[in-house]
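J.: Would you mind keeping the following structure in view while I ask a few things?
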Amino acid sequence: MNNLKDYSAKSNFRYWDYLAYEGVRHLENGNIIFKMSMGLSMLNAPFFFLGHIYAKTFGYESHGFSTPYKTAMIVGCLFYFFISLIILRKLLKQLNFSEVTMAFTLFVITFGTNLFFYISIEPAMSHAYNFSLI
C-alpha cells in the first residue's frame, strides 16, 4: 500500500497520530517539518535494515514500527553504548589510571547518570549515541 493513511486505517499502526505527537510542525501549505535532524537515523540505519530483513523474512509487518525494528533499535543503542565504554576504558588506561579507578568510573557513568535510564527505558533517544560520539 502506498498510502500510509489507508494502511493505518486497516491496522493498529497509527503513523499520523505518531507524527502529530512526536515533534513535527505542520505548515500552512500542508507540508511537515521534523524538528530533529537525520544524524540518529544514520547511526541506526544498519540496525534498522537488519530489523527490516528479519521482519520480511519471518512475516512481521514491515512498516518500521513492529517488534523486529524495536528490537534492532535497542541492540543499536546497546552497541553504541558498549563501544563508548570500551573507548573510555582505553582512554583511561592510556592516561595510566588503575584498574579499580577505571572500573569505578565506568560503573558510575553507567549507573550514576541519566545514561542508564536512556539505555534501558528510552533507547531510541539520542543520549547514548551522543555519549558514544562525544
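The values are calculated or read from the model by the stated rules, or taken from the named source; none is laboratory data. Computed from a prediction, not measured in an experiment: that's the story for all the values here. Positions of Cβ are backbone-derived with ideal geometry, glycine not excepted, and every protein chain shown enters the neighbour counts.
J.: Could you tell me whether any residue of region 20-40 is surrounded by fewer than 16 Cβ atoms within 10 Å (Cβ to Cβ), at pLDDT below 85, among the acidic types (Asp, Glu) and not assigned by TED's automatic domain parsing to the domain that holds Leu106?
T.: Yes, some residue in region 20-40 is surrounded by fewer than 16 Cβ atoms within 10 Å (Cβ to Cβ), at pLDDT below 85, among the acidic types (Asp, Glu) and not assigned by TED's automatic domain parsing to the domain that holds Leu106.
J.: Still on this model: Within region 85-111, work out how many residues are surrounded by 11 or more Cβ atoms within 10 Å (Cβ to Cβ) and among the small types (Gly, Ala, Ser).
T.: 1
J.: Could you grab me the full set of residues in region 97-134 that are touching a residue at least 40 places away in the same chain (Cβ under 8 Å) and in a loop (DSSP other than H, G, I, E, B)?
T.: Listed by number, the residues that qualify are Pro123, Ala124, Ser126.
J.: Give region 81-134 a look and list any residue that's over 26 Å from Leu40 (Cα atoms) and not hydroxyl-bearing (Ser, Thr, Tyr), or say none.
T.: Passing the criteria: Leu92, Lys93, Gln94, Leu95, Asn96, Phe97, Glu99, Val100, Met102, Ala103, Phe104.
J.: In a helix (DSSP H, G or I) and free of Cβ contacts under 8 Å to residues at least 12 places away in the same chain, is that true of Ile86?
T.: For Ile86, the condition - in a helix (DSSP H, G or I) and free of Cβ contacts under 8 Å to residues at least 12 places away in the same chain - is met.
J.: When you check Met102 against the structure, is it among the hydrophobic types (A, V, I, L, M, F, W, C) and within 14 Å of the chain's Cα centre (by Cα), yes or no?
T.: Criteria not met by Met102.
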